[in-house]
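Since the structure comes first, as structure tokens, the remarks are kept for the end.
None of the figures in this text is laboratory data; all of them are computed from the coordinates on show. None of these values were measured; they are calculated from a predicted model. Glycine gets a Cβ as well: all are built from the backbone with ideal geometry, and neighbour counts include every protein chain shown.
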Amino acid sequence: MRLVQVGLSACLFLCISNMTCMAQLRGERPELIQVTDQVYSAVGYSLGNILYVLTHDSIVVIDTSESPDAAKASLAELRRISQLPISHIIYTHFHGDHINGARSFRSGENSSVAIIAQQEHDRELLMFQKLRPYNARLNAIQFGAALPKRDATLELALDPARPVIGYLRPTEKFESEYKFQQGGVQFELYHTQGETSDHLMVWLPESKVLFPGDLFYHSFPMLSSPMKHDRPVLHWAESLDRMRGLNPEHLVPSHTRPLKGAQHIETVLENYAAAIRFVHDETLSCINLGMSVEQARQAVRLPDHLSNLPYLSELYGKVAWSVNGIYRQYTGWYDMVPAHLNPAPVNSLHQAIAQAAGGAAPLYEQARKAHKQADYQLALELLTIALGAEPKHAPCHRLAAEVLSHLAQRSSNGVEKNVYLVAAQEHQQAAGDSVSSDADEP
Ligand SMILES: [Zn+2]
């Protein structure tokens, strides 16, 4: 048991890779937003919001952020309003940006805090731990760990290389619903899958305040994260319908700012669910029409009345990535192209192409042309072939770094930007060029 506990703690910061966070989603500065007389949302302290419910005799904390320091700072601000002890912590799901600040809420007079999670919490964490080295690599890319701060588009409120572990294990778990009274306030927790399989929402029926966790934030949802396992896409839409059924007057998400007004929230949740179902259903149609996943990515486009909504802009999730994920969930890995049934290592194909082309140089020239015409994707693909054949070709590395920087510049998606920028940095290094760092900042 002890070994498991130690392992869980050690892997926690790696779980942060699941965070639904980026600078645009985080908020410019720390702010404690008053939602109602009893409810506060701490935004901008960290990637994950910290949500507070003040009852008559205690404080209930919903989600704790990724950082014990950020959690402490938000609590210090709340202490200007209330000195009540903390009685409960609720984890909406197991991701690091929701659970790693917990320790800051259980000390001294708060030593007996109840910590509530859905039953799948431990299983999800353990599954994550099994892929620890992989998740470390994923983290470094997704959060641009080696990028200069000025380039970071997804920013943690802690150093991923030296994370402070503040996770505490749940003391209570439930399967489908969990209700309790605290200081005259009724709390209702419901298992609502989507972002994860252990996801829950919190409902305060008297004040009609709903905490959706990561099932809603101001971006198209991350239905399929490029480096993560599948997410229950249709369950996500069902969970949103369930929220609508409660007719909430306040929606207080764990990322981005709260929403208010029953009609507005109803419209937002309806559109969010419609966008998810649209992408899901269209992807299935493409599969049935015999389209490849690349063709499906081109074909599936949200209708204008959805794509123009600010809360469905692709700051975090992307429609095309969702198509990738849904396509794979419903089909096998074989795409019915016989050459792909038992493929050789891709470098041998790259070498054969380069040989046919007359070496890496002609491919480099072709990539330069594509670069000049701003066809950065084609340039990148050509350079990938050239470097597959000649891994030390410095001009190719230099051009690849430039092309990737353009792709990053053109993107408004936080994950995408970091993927491109990290790769650009690696190509610069491979070319033997110096790489800028925070130390170069004025
Ligand atoms: Zn999150």
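Here the alpha carbons of the chain define both size measures, Rg and Dmax, at 23.4, 78 Å.
Shown is the FRET efficiency for Asp433 and Glu177, computed with R0 = 51 Å from the Cβ-Cβ distance and rounded to the nearest 0.05: 0.35. Give a quick list of chymotrypsin sites (Phe, Trp or Tyr not before Pro) in the range 302-339 that DSSP marks as loop, anything other than H, G, I, E or B, with at most 14 other Cβ atoms within 10 Å. The qualifying sites are Trp333, Tyr334.
Here the Gaussian network model covers the chain, with springs between Cα atoms less than 10 Å apart; of Glu66, Glu270, Glu195, Glu270 fluctuates the most. Helical content of the chain, expressed as a calculated mean residue ellipticity at 222 nm, amounts to -13500 deg cm²/dmol (DSSP H runs of 4 or more residues, -39,500 (n - 2.57) each, divided by residue number, nearest 500).
All alpha carbon pair distances within the range 306-376 were sorted into 5 Å bins beginning at 0; the resulting P(r) in whole percents reads 3, 12, 11, 11, 13, 16, 17, 10, 5, 2. Projected onto planes of every orientation and averaged, the convex hull of the alpha-carbon atoms in the range 222-357 covers 10.9 nm².
By its C-alpha gyration tensor, with a ≥ b ≥ c as the square roots of the eigenvalues, how is the range 282-425 shaped: rounded for a/c under 1.5, else prolate for a/b larger than b/c, else oblate? In terms of gyration-tensor shape, oblate. About its Cα centre, the dipole of the chain is roughly 620 debye, where the only charges are +1 on Lys and Arg Cβ and -1 on Asp and Glu Cβ. Between Ser107 and Gln263, residue separation times 0.36 nm minus the direct Cα-Cα distance comes to 52.1 nm. Considering all C-alpha pairs of the range 95-228, those separated by over 26 Å amount to 33%.
For Lys372, the lysines whose Cα comes closer than 24 Å to its Cα, not counting residues fewer than 8 places off in the same chain, are Lys392, Lys417. Need one number: % antiparallel among DSSP beta bridges in the chain, to the nearest 5. The antiparallel fraction comes to roughly 70 percent. Candidates Met336, Pro163, Val185 compared by Cα position along the dipole of the chain: farthest toward the positive end lies Pro163, with charges placed on Cβ. Looking at the range 309-413, the trypsin sites (Lys or Arg not before Pro) that sit in a DSSP loop and have at most 12 other Cβ atoms within 10 Å of their own Cβ are Lys392.
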